[in-house]
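One structure is given below, encoded as structure tokens.
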Amino acid sequence: MKSPVLAVLIFGFGALALTSCSSDRSIGSTAVPVYGIVQCPKASEGRGTIALAPGTVLKSTNLCLEARSAKYEGKIAKIIWGSTSPIGPVSAELARDASGKIALTYAGGRHGTQATLQQGSQRIPFNFTINALEASGAAASQIDTSTNFVGSITVPPLRGLGYTDSRGRGADAGYDQSTAFYAYSPEGAVKGTEESRVRESGEGKITFQVKNINADKGEISGTFVSDQPSGVEGKGEVQVEGYFIGNFKAGA
């Protein structure tokens with residue numbers, strides 16, 4: 001008589017364990033991988049300065065940007081996917097331009113990540129990116145905690161040539177409707193969803209404010225605000241605020 005009871009107990013505990021380990025997919029929940037949230041490194045305390053002589057280029061191979069809050073069309077939205085994946089490592093350069101202003105530019109590396117916002121019952125996908133970053137600050141011979149950079153970014157379309165939606169429809173791959181007919185037209189031009197047909201890049205604006213400097217490590221950290229299009233047709237402007245950090249050294 002004990003065996004059936006024991007089997008029921010084992011089954012019950014197993015089901016409970018599986019339930020507790022399952023991901024929360026309810027509206028407004030944050031999808032977190034089992035290995036935990038990936039974050040940018042923590043900043044070292046410091047309010048030092050980093051000299052930047054004319055002709056000197058300081059390079060970083062580990063610039064990291066972490067989104068912490070967002071707005072969609074001027075209203076607060078919750079980041080439900082993307083907060084687990086910061087932008088980085090990014091290669092970037094600091095140098096003084098011909099006018100003496102300090103310039104911060106993107107040089108390579110992982111420049112973006114897909115993210116999703118929740119605003120009420122609406123979910124808004126967007127392409128969080130610093131692609132083609134070109135920013136500059138005031139004319140100065142050093143970087144300190146009063147240094148700000150203001151510049152532009154190019155936002156690629158979130159859904160590119162090979163994108164297919166949840167029903168397998170796409171512009172260059174998949175079908176043009178859910179009944180599984182291949183995408184085609186009499187003129188030979190492919191068809192797809194409205195979103196996947198849009199491939200124009202958008203322009204955004206980003207501001208960096210330096211908060212901490214550890215001169216010994218060449219570490220610069222602070223906050224950023226990015227105003228950018230979502231990268232998806234029919235979706236409006238997204239504002240992302242967050243934290244950045246990177247180690248800049250000559251000849252890195």
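Annotations
- Mean Cβ neighbour count within 10 Å, used as a protection proxy, ranking 59-65, 72-78, 89-95 highest first: 59-65, 89-95, 72-78
- Around Asp227: net Lys/Arg minus Asp/Glu count, Cβ-Cβ under 12 Å: -2
- Distant-in-sequence amide contacts of Val232, defined by a placed amide H-H separation under 5 Å and a gap of 5 or more residues or a different chain, comprise Leu158.
Readers should treat all values here as calculations from the given coordinates under stated rules, not as data from a laboratory. A quick note: this is a predicted structure, and the numbers were derived from the prediction, not measured. Neighbour counts are summed over all protein chains in view; Cβ atoms, including those assigned to glycine, are modelled from backbone coordinates with ideal geometry.
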